[in-house]
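The values are calculated or read from the model by the stated rules, or taken from the named source; none is laboratory data. This is a predicted model, so every value here is computed, not measured. Every residue, glycine among them, receives a Cβ derived from its backbone with ideal geometry; neighbour counts consider all protein chains shown. Keep in mind that these areas ignore ligands, DNA and RNA; they rest on the heavy atoms of the full protein, side chains included. Shrake-Rupley method; radii C 1.70, N 1.55, O 1.52, S 1.80 Å.
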Amino acid sequence: MTLLDAAAAATPPRERKPVLEIRDLSVDYGYDQNAVHALQGVDLTLHAGEVLGLAGESGCGKSTLAYAATRLLPPPGVITGGSVTFTSARDGHGGDLLRMNDAELRAQRWRDTAIVFQGAMNSLNPVYTVGRQLVDGILAHKPRTRDAREQARARALELLEMVGIPKDRLGSYPHQLSGGMRQRVMIAMALALEPEIVIMDEPTTALDVVMQRQIVEQIMQLKDELGFSVIFITHDVSLLLELADRIAIMYAGRIVEDASSEEVYKMPRHPYTAGLLHSFPPLRGPKRDLAGIPGSPPDLVNLPTGCKFHPRCPYAFDECKLTDPALGPTRFGAAEPERQVACLLNDERVAPGPIPLELGVRPEGDRIA
Amino acid sequence: MTTPTSGDPSSAAPAAADSPSAAARVPVIETVALTKHFPVRGRGSRGKVVHAVEGVDLRLDAGSVVALVGESGSGKSTVARLIAQLLPRTSGDVLLQGSSVRVRLGRSFRRYVRNVQMILQDPFASLNPVHTVGYVLTRSVSIHNPGLSRAERDQKVRGLLEQVELRPAERYLAKFPHELSGGQRQRVAIARALGATPKALLADEPVSMLDVSIRIGVLNLLQRLKSDLDLAILYITHDIASARYFADETVVMYAGQVIERGPSEEVTQRPRHPYTQLLIASAPDADQLAGREERPAKGEPPSLIDPPTGCRFNPRCPFAMDVCRQERPPMFELEDGQKAACWLYDEGRAEERAAAFGAGVAAGITNGVAVA
Ligand SMILES: Nc1ncnc2c1ncn2[C@@H]1O[C@H](COP(=O)(O)OP(=O)(O)OP(=O)(O)O)[C@@H](O)[C@H]1O
Ligand SMILES: Nc1ncnc2c1ncn2[C@@H]1O[C@H](COP(=O)(O)OP(=O)(O)OP(=O)(O)O)[C@@H](O)[C@H]1O
Ligand code: SF4
Ligand code: SF4
Ligand SMILES: [Mg+2]
Ligand SMILES: [Mg+2]
């Protein structure tokens, strides 16, 4: 889906069924005062059929969110609060994943939500063929009938074909495949049980742009054919602008902006979002000034007071050192009900005067290229 | 190939190469038909080689940045390592200020290394974790400038930190690498390289491991150093958009060979080689969503052990002709200093060219003149 389609789809707010609702989710790594507060009160909703992009600098908590939301968080990670509610768009079953017992979780995992882990293409077992690994993966979730292995093999072939790998590669070992092919195998594995939600953590980061484009197009096509929803995690906002319907921007374990791709691109509301957009040299069009963002990402053990972005924020004012802004409506309020931002500039009670030009593009009328 | 002293990439004047002054100016580094074949190990591969780099001609001038782009495995790093003399070449030549470099040992090698410094992708791996920033820089300065007094040396170390915008210098001297952010670490690595007062920097993906928000800062720094210190910089990257911004000339490699080159603005805005066109079309760009051409990119990078005959891109090229499968295309010189190794620019192929690019576009493209 392109920006234009997204715009067309977004204007009359169509009925959007939430399939995954993350509420007030917090995660620490470790316990006592040395705990890393990797996620703090994250709210995020994925709707049926949607591609939700999750972007932010390295270490801001993107993978942690993916693991916590699927209950795959490795120790010393601890979920300290919140809920993650799955509601099937197909038959309405579901519940709070954080309160499910092991048996319920096992039934849920891969069938309802599947995940393609960051760097997964390098985690294929080198001593088994990819076919065997696919078949074993499928069998692990199937009842042990007599012809289960045969069926799993047939399904593996089908999956490989679906992700554009020739059938005769079933007998290949991982090292005989290119990075792009290995990544496709991982995607095939995630799709094996026809999940409703697929979380992809940096699925294309290790690949060059040509391969990245092939894989992204493949994912979008499969999404349309099979009808799943996607959380797509990457640090590359420019990629998300193209493929995601909505984008959530993370900073220091918090969501700081949540809006449609088009809105993020044309009228960012958070200074960090604006900074990210100015960090990418545009390949086409006129050259423009590139600023980047001064300073470096914060230390999660020793977070700044108030707004976590204030040491790097060009618009910071006194209140920013004191108050940690919550994710809420923008300064334009009801004119853009579908978007949220966590920045005190949007709070008229404390903000010092008008919103800076760069962050204040009006929601109506200004939709110019 | 570019105006040597200008800081503005867009003023890179391709014609300068033909003007007497530029021709007279000796490039800092030049490679001539640089080639590297790696032997393949393992059963049944006797005599086989990986054709990693073949016939690469590069010219690095003082005060200019040349970007080397191309997909993973196309040979970019190998070119840098050959220039840095970290690998012996199979054939071809590397010239430092006009004289061939055939040293690998001893004093003359040290002299070469002093002039040609390398900056690597991973600032985490390239700095020893047990040494402070002060120690690392002092060592670099002492090795390359023996005979400095202690005070002179300390002053130079401070100067290096200032140069890479780590200010105030005092704050960084006692820090260990793990106490620095990625961008700061990469700045220390650059400062260490500058300690040798080099004439050329070979930067192999110097910002790929850094956070997007701080990449621009390091690239701006490299560009400033290029003008301030009249450095010749080779900038290796996957990110062709950054080449547009930071390099005067862009050189595109495919499967070990240079397939297109020219002023960065020309190469990125008007790619001529079908592979460069694919590369540009694949790059994410929010501005171009509506206008993206559907030219499905199929296929995998070729084997470098048994590379395709003729043009190495032919198995993936939507325009491949018979000649492409038989003969390697020479470099054709096009307008504005751009060059492309593609048979479509051969004289007498105007028809094929029009079929490939559409008549309108092709009309604006003249025949190329084979130059290599
Ligand atoms: N096992 C762990 N123990 C302690 N801290 C951890 C652990 N795993 C992650 N962290 C910290 O939690 C924070 C969030 O990490 P996470 O991997 O979720 O980031 P990310 O946004 O996915 O980054 P990247 O883009 O580099 O993948 C980081 O600051 C990280 O250092
Ligand atoms: N020491 C070596 N022995 C054998 N083959 C090698 C060696 N070093 C590199 N190669 C091969 O040479 C080719 C070029 O590798 P190189 O690292 O130069 O590519 P690159 O363009 O830098 O790729 P990337 O963008 O992934 O860094 C690859 O096929 C690689 O596998
Ligand atoms: S709250 Fe203040 S410091 Fe934080 S992003 Fe907004 S203006 Fe900047
Ligand atoms: S020489 Fe032939 S195969 Fe190679 S890029 Fe040109 S048209 Fe394509
Ligand atoms: Mg991650
Ligand atoms: Mg490399």
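Counting the residues of the stretch A:159-199 that are part of a loop (DSSP other than H, G, I, E, B) and crowded, with 19+ Cβ neighbours inside 10 Å gives 6. Residues that are basic (K, R) and either buried (at least 16 other Cβ atoms within 10 Å of the Cβ) or over 30 Å from the mean Cα position of the chain (by Cα) (or both) within the stretch B:119-153 comprise B:R150, B:R153, listed in sequence order. Does the stretch A:81-101 contain at least one residue that is in a helix (DSSP H, G or I) and open to solvent by less than 50 Å² (accessible area, probe 1.4 Å)? Within the stretch A:81-101, one or more residues are in a helix (DSSP H, G or I) and open to solvent by less than 50 Å² (accessible area, probe 1.4 Å).
With respect to being buried (at least 18 other Cβ atoms within 10 Å of the Cβ), near ligand 3 (Cβ under 9 Å from one of its atoms), aromatic (F, W, Y) and closer than 21 Å to B:R215 by Cβ, A:Y315 falls outside the description.
Among the residues making up the stretch A:264-283, those that are at the interface with chain B (Cβ under 10 Å from one of its Cβ atoms) and either open to solvent by 40 Å² or more (accessible area, probe 1.4 Å) or under 26 Å from A:T330 (Cα atoms) (or both) are A:V264, A:Y265, A:K266, A:Y272, A:G275, A:L276, A:L277, A:H278, A:S279, A:F280.
Listed conditions (1) in contact with a Gly (Cβ under 8 Å, 6 or more places away or on another chain); (2) farther than 26 Å from B:V94 by Cβ; (3) within 13 Å of chain A (Cβ to nearest Cβ) are all met by B:A241, apart from (1).
Of the residues making up the stretch A:131-154, just one is at pLDDT 85 or above and not in a helix (DSSP H, G or I), namely A:D147. In the set (1) touching a residue at least 40 places away in the same chain (Cβ under 8 Å); (2) in a strand (DSSP E or B), A:Q118 fails one condition alone, (2).
Sort out which residues of the stretch B:244-265 are of a type in the set (D, E) and away from chain A (no Cβ under 11 Å), and write them in order of number. Within the stretch B:244-265, B:D248, B:E249, B:E260 meet the criteria. Once the stretch B:266-277 is narrowed to residues that are surrounded by fewer than 24 Cβ atoms within 10 Å (Cβ to Cβ) and in contact with a helix residue (DSSP H, G or I) (Cβ under 6 Å, 6 or more places away or on another chain), the residue that is farthest from the other protein chains (Cβ to nearest Cβ) is B:E266. Among the residues making up the stretch A:284-312, a single one is modelled with pLDDT of 90 or more, assigned to a loop (DSSP other than H, G, I, E, B) and within 12 Å of chain B (Cβ to nearest Cβ): A:F309. Is at least one residue of the stretch B:318-327 within 14 Å of another protein chain (Cβ to nearest Cβ) and either open to solvent by 40 Å² or more (accessible area, probe 1.4 Å) or touching a residue at least 24 places away in the same chain (Cβ under 8 Å) (or both)? Yes: one or more hits.
Scan the stretch B:181-188 and tell me whether some residue there is surrounded by fewer than 18 Cβ atoms within 10 Å (Cβ to Cβ) and within 14 Å of chain A (Cβ to nearest Cβ). Looking through the stretch B:181-188, at least one residue is surrounded by fewer than 18 Cβ atoms within 10 Å (Cβ to Cβ) and within 14 Å of chain A (Cβ to nearest Cβ).
Can we say B:G217 is at pLDDT below 95, touching a helix residue (DSSP H, G or I) at 6+ places or on another chain (Cβ under 8 Å) and within 14 Å of chain A (Cβ to nearest Cβ)? In short, yes.
Would you check which residues across the stretch A:291-309 are touching a Pro at 6+ places or on another chain (Cβ under 7 Å) and open to solvent by 30 Å² or more (accessible area, probe 1.4 Å) and list them? A:G295, A:P298 - these are the residues of the stretch A:291-309 that are touching a Pro at 6+ places or on another chain (Cβ under 7 Å) and open to solvent by 30 Å² or more (accessible area, probe 1.4 Å). Which one of B:E170, B:E205 is open to solvent by 10 Å² or more (accessible area, probe 1.4 Å) and without any contact (Cβ under 8 Å) to a residue 40 or more places away in the chain? The conditions single out B:E170.
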